[in-house]
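Shown next, in structure tokens, is the structure this report addresses.
The values are calculated or read from the model by the stated rules, or taken from the named source; none is laboratory data. Only a predicted model underlies this, so the values are computations on that prediction, with no experimental measurement involved. Quick reminder, even Gly has a Cβ in these numbers, built from the backbone with ideal geometry, and neighbours come from all protein chains shown.
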Amino acid sequence: MRILEHPILGKMPPRKVVKIEMEGRVLEAFEGEPIAAALTAHGICVFRYTRVRKEPRGISCAIGQCTDCVMVVNGIPNTRTCVTRVEDGMKIQRQE
Amino acid sequence: MLKEELKRRTEVVIIGGGIAGCSLAYCLAKRGITDVVLVERKELASESSGANFASVMCTMIPLRPALLPLYSRSLDAFPKLSEELGRDIGYKTPRLNALTEEAYEAGEKYVKQFEELGFGNGFRMLAKNEINGMEPNMVLAPHGILDLRGGQVNPLYYTTALGDKARELGVKVYENTEVVGIRCEKGHVRLIATDRGEIESTYVVNACGAWAPRIGAMVGLRIPIETLKCQVVVSEKLTETYVHSGSITPISYLLADMDQSEGRMHCFGLYKQLKKGELLIGITEEPGNDKWVTFEAMEALARKAIKIIPKIKDQNVHIISSYANLYAVTPDRHAILGPVDGLQGFIMNCGYNDYGIGTGYGAAEFLAEMILNDEKSFPIEELRFSRFSSYH
Amino acid sequence: MRDQTAKDEASAIVICRCEEITRGEIVDAIRRGARSIAAVKRRTSAGMGLCHGRTCTRLIAEILREEVGIPMEELKPATVRPPVRPILVSAFEEEG
Amino acid sequence: METYEFAVVGGGPAGMSGAIEAAKAGVQKIAIFDENPTLGGQLVKQTHKFFGGREHRAGKRGIDIASAMAKECHGLGIDVMKDTVVWGIFKGNTVALYNEGKAQRLTAKAILLATGASENNIACPGWTLPGVLGAGGIQTMMNVHRVLPGNRILMVGSGNVGLIVSYQLLQAGAKVVAVIDILPRIGGYGVHASKITRLSVPILTSHSLKEIIGKDRVEAAVIIKVDSKNKPIPGTEQRFDVDTVCLSVGLSPLAELAWMCGCKFLYVPELGGWMPCRSEKMETSVPGIYVAGDGGGIEEASTAMMTGAIAGIAVAESLGYLTKERSEELRKEKTKGLDPFRCKDFGFRRVANEKLIENIIGSKGVRE
């Protein structure tokens, strides 16, 4: 859910919209925001399933330290989505 | 933390908790000799045995026949050890050595030599380009030697499993305990002094790898071991198999494959993929006695890896770690094993150069039998310390 | 009975999120002889993953303290090795 | 290889302060490296007003302090390299960088490690589920990126961070079902606590997190009362249907680079764990390597600005831009600025910092 109105931060300023593709689904995102934020705004919270135990994982630290939110971004696996910004046409996949 | 009280008297003291010391502790315990103490300055596998390339390679260049019995016994043990120790030691075969057209004949001769030494069934010359079918992701020379029982183990799991099992069988393992002196009387070793107290012992084993000369000096021996610094980088876990064999040298040492890029550092291609999926990208060698990874080594290793395994670049593989270790190098590149003339009870188990993981277990079997039977010499002449008579 | 169930539940908790190593596996390494964070790492590979143990180091230290009474001031983190963030192998390629 | 006079790792309050002070004193070639796209570190998510005096930029919100400091950096001609990871420090003060998929290196006469902290965790069943986030993580998502990761939240930990983030969650339109703390009393300031109790958020002390339930994300959390020895009391479980569990259970310094440099460390739980020992000038046991901010001990953004400034002044002195006397004078001024945050209830911070200084005396940088 996006926070459009905020008592301190005010109204969300207009931002350029780009399109990203998450496993075939085209999503709108704001230019410059991290992938993790864009996915969260669309209600996506499972970013990957673990290799051994096949457990779901999502955002944990949100500042690039825990590496739990990694996904395959434009073919690059293990990309930290909380610190990697969206670009128009970016392709994102869950990794195993 | 309160440390366990030291045992005051024992039959065998092993100094060093690497692959040499842990193998021997286990091989003794397995034979019922459990009145044994293993003393380690840091922790089990905290030096070179924990941070090496862990290749099991019988195909060493040049051929060193004296080491073959050690390999032979190690190779017999590897397939059974995981079960014996209750831990997966990560043994994976085979090992490949790629050979260029020019090196083919030398390779053939090499394999023939192995056959003549009764070690032939483990090797095969590959047909031209057969190697490319075995390793489709790698850019390799067209010929190759297949070493069927060579490959890899996980050095950390393997070394700690041996040490832990020895402890379970009754060996006393004292970690964070440093030997500060050794007392001898009338040509016999009598006791070791540690920073936590003294331990009397009939046998004292020097299994200290790169630090073996320090222990030697305590009993007046000059052990000619020098250190060679080696570095390796580690990739993230990969879902796909990039390297199929246990370990591979893309251009065999039969030809000098060295990047002499940065001063005295040499970069050899040596690759393997661990069971969990990480690629190990090795190795650089240079004289040195510290364990700090260098930017130069990481750069050299990465550049070479991309040439040999282009997929690393195409698939955007990341480096996630690196490590350095110290090989204990002897002048003739042979290990130093067995008793020392004139100093009864003092036993060498060191100088393994770059093959400790592959041969340490076999050597331990020989040494354990020797101690069990109270023999006064080591059966393989070329590996005795006495070959360095000028050092004694 | 209740204690056993609680114990089993505790054993199943993943401690190292990257390598998916459970508390049970760590306790087993301690039982075998591990007495430091590095020693646990050598036996289980906990802390060897993408995040370099940033999340689990502290948790492993706590387990060591609980299980064998090692005070925290004796539990140094394992050796830090470069790179502290994942970097592409191709990052080292020569320009051009 | 390019050579800098002063390389600063981390563009948060400590790093920026260090760079600014050094630049003001005349240090020539200064660079700040930060892996984020903007300077400010964790200030960029602080929507609340800061305490302290003028030197702490009190009365301003963290977000505004961040942009003001960033502007100052640019004005002083400091090279700011964003989106740049420092992934290693090698022998000879060599800083290894990673930017746009390329690895590079440079050397610096002095290096300031101002790498901040990471959040601690609680390992209970279900703690790895999507929907379990650190408090700082949630703050980043909602205050910087303006997305709410959940609607119904259980906050674990009643320290200042837990209380402030709970309030900010309410501001952003989420529901905080409760704040729990294993300790028998609220950890943070009363003023922060009353802000949320006024909005009917219960603060349950002597409660711990027992279990987080859910299949593909958090669906519920179970808490349990604990006795005076922090032992759970069976039968006192309480279940909350929540979609998010927020962990606010302390911070640990990110000191990896200092370990890599071979700095001497000491375990100081009062400051968050293993800390690099350093002089009163913030220089570690390895000459030329300085540390400041949370990466050198968990305190506050305001103290980070002061310790960063102290390091910057010391670097300027070491490079010959300040006389010993002038440097001493400036350092005393900044040290005084630490006092309000290291007194009364927080007096332990002073003691802990003194311990780190004591332990550096006589020690030399060792790269084993």
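List of remarks:
- Matching residues in the stretch D:319-335 - criterion: being surrounded by fewer than 21 Cβ atoms within 10 Å (Cβ to Cβ) and more than 30 Å from D:TYR189 (Cα to Cα): D:LEU319, D:GLY320, D:TYR321, D:THR323, D:LYS324, D:GLU325, D:ARG326, D:SER327, D:GLU328, D:GLU329
- Residues satisfying the stated conditions in the stretch D:104-122, i.e. aliphatic (A, V, I, L, M), in a loop (DSSP other than H, G, I, E, B) and surrounded by fewer than 22 Cβ atoms within 10 Å (Cβ to Cβ): D:ILE122
- Considering (1) surrounded by 15 or more Cβ atoms within 10 Å (Cβ to Cβ); (2) assigned to a loop (DSSP other than H, G, I, E, B), the lone condition that D:ALA221 does not fulfil carries the number (2).
- Test result for B:GLY120, surrounded by fewer than 24 Cβ atoms within 10 Å (Cβ to Cβ) and not assigned by TED's automatic domain parsing to the domain that holds B:GLY32: yes
- Within the stretch D:205-236, the set of residues being more than 26 Å from the chain's Cα centre (by Cα) and aliphatic (A, V, I, L, M) comprises D:ILE212, D:ILE213, D:VAL218, D:ALA220, D:ALA221, D:VAL222, D:ILE223, D:ILE224, D:VAL226, D:ILE233.
- Condition met for A:ARG15 (more than 8 Å from chain D (Cβ to nearest Cβ), in contact (Cβ under 8 Å) with a residue 12 or more places away in the chain and part of a loop (DSSP other than H, G, I, E, B)): yes
Results for (1) more than 14 Å from chain C (Cβ to nearest Cβ); (2) within 13 Å of D:ALA7 (Cα to Cα); (3) touching a residue at least 12 places away in the same chain (Cβ under 8 Å), shown as yes or no for each residue.
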| residue | (1), (2), (3) |
| --- | --- |
| D:ARG57 | yes, no, yes |
| D:ASP64 | yes, no, no |
| D:MET69 | yes, no, yes |
| D:GLU72 | yes, no, yes |
| D:GLY75 | yes, no, no |
| D:ASP79 | yes, yes, yes |
| D:LYS91 | no, no, yes |
| D:VAL95 | no, yes, yes |
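- Single unsatisfied condition, D:ILE203 versus (1) out of contact with any strand residue (DSSP E or B) (no Cβ under 6 Å at 6 or more places or on another chain); (2) outside the structural domain of D:ALA255 (by TED's automatic domain parsing): (1)
- Cross-chain or 6+ apart pairs with Cβ under 7 Å, the stretch A:83-96 first and farther than 19 Å from D:ASP83 by Cβ, then among the aromatic types (Phe, Trp, Tyr) and part of a strand (DSSP E or B): A:ARG94/A:TYR49; A:GLU96/A:TYR49
- Considering only residues in the stretch B:293-322 that are surrounded by fewer than 17 Cβ atoms within 10 Å (Cβ to Cβ) and without any contact (Cβ under 8 Å) to a residue 40 or more places away in the chain, the one that is farthest from the other protein chains (Cβ to nearest Cβ) turns out to be B:ASP314.
- Single residue of the stretch C:15-41 satisfying the filter (over 24 Å from A:LYS54 (Cα atoms) and over 9 Å from the mean Cα position of the chain (by Cα)) that is farthest from the other protein chains (Cβ to nearest Cβ): C:ILE30
- For the stretch C:42-60, the tally of residues that are touching a residue at least 24 places away in the same chain (Cβ under 8 Å) and either surrounded by fewer than 23 Cβ atoms within 10 Å (Cβ to Cβ) or within 14 Å of chain A (Cβ to nearest Cβ) (or both) stands at 13.
- Taking (1) in contact with a Cys (Cβ under 9 Å, 6 or more places away or on another chain); (2) crowded, with 23+ Cβ neighbours inside 10 Å; (3) assigned to a loop (DSSP other than H, G, I, E, B); (4) not basic (Lys, Arg) in turn, D:ILE360 satisfies each apart from (2).
- Of the criteria (1) under 24 Å from C:ARG81 (Cα atoms); (2) crowded, with 23+ Cβ neighbours inside 10 Å; (3) under 20 Å from the mean Cα position of the chain (by Cα), which one D:MET16 fails: (1)
- Note on the stretch A:32-83: residues that are in contact with a His (Cβ under 7 Å, 6 or more places away or on another chain), farther than 23 Å from D:SER248 by Cβ and either part of a strand (DSSP E or B) or more than 10 Å from chain D (Cβ to nearest Cβ) (or both) total 1.
- Selection count, the stretch B:69-100, where residues are of a type in the set (A, V, I, L, M, F, W, C) and either assigned to a loop (DSSP other than H, G, I, E, B) or farther than 23 Å from B:TYR271 by Cα (or both): 5
- Note on the stretch B:51-83: residues that are at pLDDT 90 or above, of a type outside the set (A, V, I, L, M, F, W, C) and touching a Ser or Thr at 6+ places or on another chain (Cβ under 8 Å) amount to 2.
- Selection count where residues are in a loop (DSSP other than H, G, I, E, B) and either aromatic (Phe, Trp, Tyr) or in contact with a Cys (Cβ under 7 Å, 6 or more places away or on another chain) (or both), scope the stretch B:150-188: 1
- Scanning the stretch C:55-96 for residues that are part of a loop (DSSP other than H, G, I, E, B) and of a type in the set (A, V, I, L, M, F, W, C) yields C:CYS56, C:ILE70, C:LEU75, C:ALA78, C:VAL80, C:VAL84.
- Residue match in the stretch A:9-22 (condition: in contact with a helix residue (DSSP H, G or I) (Cβ under 8 Å, 6 or more places away or on another chain) and closer than 23 Å to D:GLY134 by Cα): yes
- For the stretch D:224-257, the tally of residues that are part of a loop (DSSP other than H, G, I, E, B) and polar (S, T, N, Q) stands at 4.
- Restricted to the stretch D:336-346, and to residues there that are more than 19 Å from the chain's Cα centre (by Cα) and not in a loop (DSSP other than H, G, I, E, B), the residue that is surrounded by the most Cβ atoms within 10 Å (Cβ to Cβ) is D:LYS336.
- Qualifying residue in the stretch B:349-359 (condition: part of a strand (DSSP E or B) and among the β-branched types (Val, Ile, Thr)): no
- Candidates C:GLU94, C:GLU20: the one that is surrounded by fewer than 15 Cβ atoms within 10 Å (Cβ to Cβ) and either touching a strand residue (DSSP E or B) at 6+ places or on another chain (Cβ under 6 Å) or not hydroxyl-bearing (Ser, Thr, Tyr) (or both) is C:GLU94.
- Of all residues in the stretch A:19-38 being over 29 Å from D:ARG61 (Cβ atoms) and touching a residue at least 24 places away in the same chain (Cβ under 8 Å), the one that is surrounded by the fewest Cβ atoms within 10 Å (Cβ to Cβ): A:GLU23
- Residue within the stretch C:2-10 that is hydrophobic (A, V, I, L, M, F, W, C), in a loop (DSSP other than H, G, I, E, B) and at pLDDT below 95 present: no
- Checked against (1) buried (at least 22 other Cβ atoms within 10 Å of the Cβ); (2) not in a loop (DSSP other than H, G, I, E, B), D:GLU72 meets all criteria but (1).
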